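Novice: I'd like to ask you about the structure that follows.
The values are calculated or read from the model by the stated rules, or taken from the named source; none is laboratory data. Given the structure is predicted, the values throughout are model-derived calculations rather than measurements. Reconstructed Cβ throughout: ideal geometry from the backbone, glycine too, with neighbour counts over all protein chains shown. Ligands, DNA and RNA are excluded from the accessible area calculation, which covers all protein heavy atoms including side chains. Shrake-Rupley method; radii C 1.70, N 1.55, O 1.52, S 1.80 Å.
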Amino acid sequence: MAHQLFLLPGDGIGPEIMNEVKAIIDWMNANLDVSFECDEGLVGGSAYDAHGVAISEEDMAKAMAADAVIFGAVGGPKWADVPYFARPEAGLLRLRKDMGLFANLRPAICFPALADASSLKKDLVEGLDILIVRELTGGVYFGEPKEIVTLEDGQQRAVDTQLYTTSEIERITRVAFDLAKTRSNRVASAEKHNVMRSGVLWKQVVSKIGAEEYPDTPLEHVLADNCAMQLVRYPKQYDVIVCDNLFGDILSDVAAMLTGSLGMLPSASLGAPDAETGKRKAMYEPVHGSAPDIAGKGIANPIAMIASFSMALRYSFEMIKEAEMLDAAVAKVLEKGLRTGDIAKEGDTVVTTKEMGAAVIEELKALA
Ligand code: IPM
Ligand code: MG
C-alpha cells in the first residue's frame, strides 16, 4: 500500500525547494521498491490569499489523515498586516498543536565538505553532530493567557504564559534519552531554573527520569544562556540537547549556523505513538524560513528540505536504507563542490535550486 504524503510548500522559497523533493519522490517511486502518493495543500500566506485563514479546515483534515506531512516554509512581508489569528505562522503552529507534534528533532550535522562555510573555525565544527530535541506543543508558544490588554491608565500590557506540566516534560525527556542511546549517549538539558519556576520543574523532572529510567546515560544540566554560549565556544561537547519550546527555537538557530548555513538544517516533528497502530503523526520541515528576499529567483538551497524528507523516510517509514542513500547523495554532491549561494565561498561553482536537486538525483542513480 502506498504511503500517503501531504505536501504543504507554503510561501516564499517553500514551493521552489519542495519541487526538488517532489522530483526525488518521483524518482524513488520509479526506481526503488517504494510507493508514495502525494497530495498538496496551502499553508501560511498562500492559504490566507486563497481562504482568508492560515490553513483551511480541509487541508487540516488532510494533514491529520496523512502518514506524513512535508512542510516548506511560511511568511513574508506581503502578509505583515493580516489579522494576528491569520498570520502565516498561525498555520504552522496549528499543525503542530492539533497534530500533537510535541517532539521536534533538529539535528545539526556539519558535512566535512562544508566545514569552511561555518562562521566558526574549521576544527571547532568539523565532524559536528548534535541533536536538539525541542518541546514543540507547550511553553510560552501556547500558554494562556496570551494577550494584550488595555489598562485603566490607558497603557497596554502584554502577557505570554510559560507553562509546563510534569507529563509534558516527562515525554520529551524520554524522547531525548531514547535518541541519545542511538548516538553518543549523552544528554544536556537546558533551562533557566535560576529565574523561572518552569525551569525549576523542568530540571527536577528531567533529573528524575534520567536517574530512574536511564541511569547509564550521563545527564548534564546547563542554563540556556550558557548553552548558547557553549554552542559557539565548543559545540562538540554536546550530543543531545533537550529543551523547551522557546529555548529550542533559539538554540536550534545557533546550532544551524554552526553547520555553515541555515539552509542545511532539517527537522522532524513527531507525536506520540498511537495506542492501537503504534504510528506517530509526523511533520517534516526545514528549520529555515521562507526567505522572501530570494524567493522566486531559483537560488534557494534545497538541502534542508531534502534532508527533511530523508528524516521522513527514517522516522515515519523506517526506510533506513533509502534515508541513508539520500543522505549519502547529498554529502556526495557537496563533496563534488556544488554550492548554492548561501554556502558558497569565493571560487566555488554556484548552482541553482534545480541544479542542486538534479545533482542529488544523479547521485541517487549512481548509488542505487
Ligand atoms: C521555527 C520557526 C517557528 C517557531 C516560527 C516560524 C513560528 O522559527 O520553526 O523555528 O518559532 O517555532
Ligand atoms: Mg525558529
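Novice: Can you give the accessible area per residue of the chain, in Å², using a 1.4 Å probe? Please report the intermediate quantities before stating the final value.
Specialist: Values: 16150 Å² over 368 residues.
So the chain comes to 44 Å² accessible per residue, rounded to a whole number.
Novice: What net charge do the residues around LEU120 carry, taking every other residue with its C-beta under 13 Å from that of LEU120, with Lys and Arg at +1 and Asp and Glu at -1? Show your work: numbers first, answer last.
Specialist: Values: positive: LYS121, LYS122, ARG233, LYS236; negative: ASP116, ASP123, GLU126.
Computed value for this residue: +1.
Novice: May I pose another question? Could you order the peptides 85-97, 316-328 from most to least packed, using the average number of other C-beta atoms within 10 Å per residue?
Specialist: Working: 85-97: 19.8, 316-328: 16.9.
Ranking, from highest mean packing down: 85-97, 316-328.
Novice: Rounded to whole Å, give me the distance from the Cα center of region 282-357 to that of region 118-133.
Specialist: The distance from the Cα centre of region 282-357 to that of region 118-133 comes to 18 Å.
Novice: For region 260-276 and region 13-77, what is the separation of their Cα centres, given in Å?
Specialist: What the calculation gives is 15 Å, centre to centre.
Novice: Can you give the calculated 222 nm mean residue ellipticity of the chain, where each DSSP H run of n ≥ 4 adds -39,500 (n - 2.57) and the sum is split over every residue, rounded to the nearest 500 deg cm²/dmol? Present the calculation step by step, with values, prior to reporting the outcome.
Specialist: Details: 12 runs with 150 residues, N = 368.
Mean residue ellipticity, 222 nm, calculated: -13000 deg cm²/dmol.
Novice: Let me ask something else about it. Using a 10 angstrom cutoff on alpha carbons, build the Gaussian network for the chain and name the most mobile of ALA68, ALA312, ALA113.
Specialist: Fluctuation is largest for ALA113.
Novice: I want to check the label-to-label distance for GLN4 and GLU58. Put each point 7 Å from Cα in the C-beta direction and report it in nm to one decimal.
Specialist: That separation, rounded to one decimal, is 1.6 nm.
Novice: Once R0 is set to 35 Å, what does the formula 1/(1 + (r/R0)^6) return for the Cβ-Cβ distance between SER119 and ALA211, expressed as a FRET efficiency to the nearest 0.05? It would help to have the intermediate numbers written out before the result.
Specialist: Numbers: r = 38 Å, r/R0 = 1.07.
Here the calculated transfer efficiency is 0.40.
Novice: Another question, if that's okay. Determine the equivalent ellipsoid of region 238-368 by diagonalising the alpha-carbon gyration tensor, then write out the semi-axes as square roots of 5 times the eigenvalues, largest first, rounded to whole Å.
Specialist: On the way: eigenvalues 142, 81, 34 Å².
That gives 27, 20, 13 Å for the three semi-axes.
Novice: Moving on. Amide H neighbours of VAL351 under 5 Å, at least 5 residues apart or on other chains, H built in the peptide plane: list them.
Specialist: ARG339, THR340, GLY341
Novice: Pairs to check: LYS192/LYS345; LYS121/LYS336; LYS146/LYS236; LYS203/LYS236; LYS22/LYS181. Give those whose C-alpha atoms are more than 27 Å from each other in this structure. Let's see the in-between values first.
Specialist: On the way: LYS192/LYS345 38 Å; LYS121/LYS336 22 Å; LYS146/LYS236 37 Å; LYS203/LYS236 23 Å; LYS22/LYS181 33 Å.
From the list (LYS192/LYS345; LYS121/LYS336; LYS146/LYS236; LYS203/LYS236; LYS22/LYS181), the Cα-Cα distance tops 27 Å for LYS192/LYS345; LYS146/LYS236; LYS22/LYS181.
Novice: How high is the FRET efficiency between LYS297 and PHE142 when r is their beta carbon distance and R₀ equals 35 Å, given to the nearest 0.05? Can you show the working numbers first?
Specialist: On the way: r = 35 Å, r/R0 = 1.00.
That pair, LYS297 with PHE142, gives E of 0.50.
Novice: Sticking with this structure for a sec: Pairs of Cα atoms under 8 Å, at least six residues apart: use those to get the relative contact order of the chain, whole percent. List each step's numbers first, then the result.
Specialist: Working: 767 pairs, mean separation 76.3, N = 368.
In percent, rounded to a whole number, it is 21.
Novice: Further question on the same structure: Using 0.36 nm per residue, how much length does the chain from GLU362 to MET196 gain when fully extended, once their Cα-Cα distance is taken away? It would help to have the intermediate numbers written out before the result.
Specialist: On the way: separation 166, 0.36 × 166 = 59.76 nm, distance 5.10 nm.
Full extension of this stretch gives 54.7 nm more.
Novice: Where is the GNM fluctuation largest for the chain (alpha-carbon springs, 10 angstrom cutoff): CYS38, CYS110, CYS243?
Specialist: With Cα springs under 10 Å in the chain, the top fluctuation among CYS38, CYS110, CYS243 is at CYS38.
Novice: Assuming R0 = 56 Å, can you tell me the calculated FRET efficiency for the pair GLU40 and ASN185, based on Cβ-Cβ distance, to the nearest 0.05?
Specialist: Details: r = 40 Å, r/R0 = 0.71.
So, using R0 = 56 Å, E works out to roughly 0.90.
Novice: Give the cross-link partners of LYS78 among the lysines, using a straight C-alpha distance below 20 Å as the criterion and excluding same-chain residues fewer than 8 apart.
Specialist: LYS297
Novice: Find how much the distance from ARG171 to ASP253 grows on full extension, using 0.36 nm per residue of separation minus their present alpha carbon separation; answer in nm with one decimal. Spell out each step's value before the answer.
Specialist: Working: separation 82, 0.36 × 82 = 29.52 nm, distance 2.33 nm.
Gain in length upon complete extension: 27.2 nm.
Novice: Next question. On the principal axes of its Cα set, how long, how wide and how thick is region 103-270? Give whole Å, largest value first.
Specialist: Principal extents (largest minus smallest coordinate, Cα): 59, 39, 28 Å.
Novice: Can you give me the long-range amide H partners of VAL242? Hydrogens built in the peptide plane at 1.01 Å from N, cutoff under 5 Å, separation of 5 or more residues or another chain.
Specialist: Answer set, sorted by chain and number: VAL133, ALA188, SER189, ALA190.
Novice: Find how much the distance from ALA328 to ALA65 grows on full extension, using 0.36 nm per residue of separation minus their present alpha carbon separation; answer in nm with one decimal.
Specialist: Numbers: separation 263, 0.36 × 263 = 94.68 nm, distance 3.07 nm.
Going from the current span to full extension adds 91.6 nm.
Novice: Strictly greater than 39 Å: what percent of every Cα pair in the chain meets that?
Specialist: Values: 9081 of 67528 pairs.
Result for the distance tail: 13 percent.
Novice: In whole percent, what relative contact order does region 120-230 give with Cα contacts below 8 Å and a gap of six or more residues? List each step's numbers first, then the result.
Specialist: Values: 119 pairs, mean separation 23.4, N = 111.
Once divided by the residue count of region 120-230, the mean separation gives 21 percent.
Novice: Once you've got the GNM for the chain with C-alpha springs shorter than 10 Å, pick whichever of ASP59, ASP293, ASP67 has the biggest mean-square fluctuation.
Specialist: With Cα springs under 10 Å in the chain, the top fluctuation among ASP59, ASP293, ASP67 is at ASP293.
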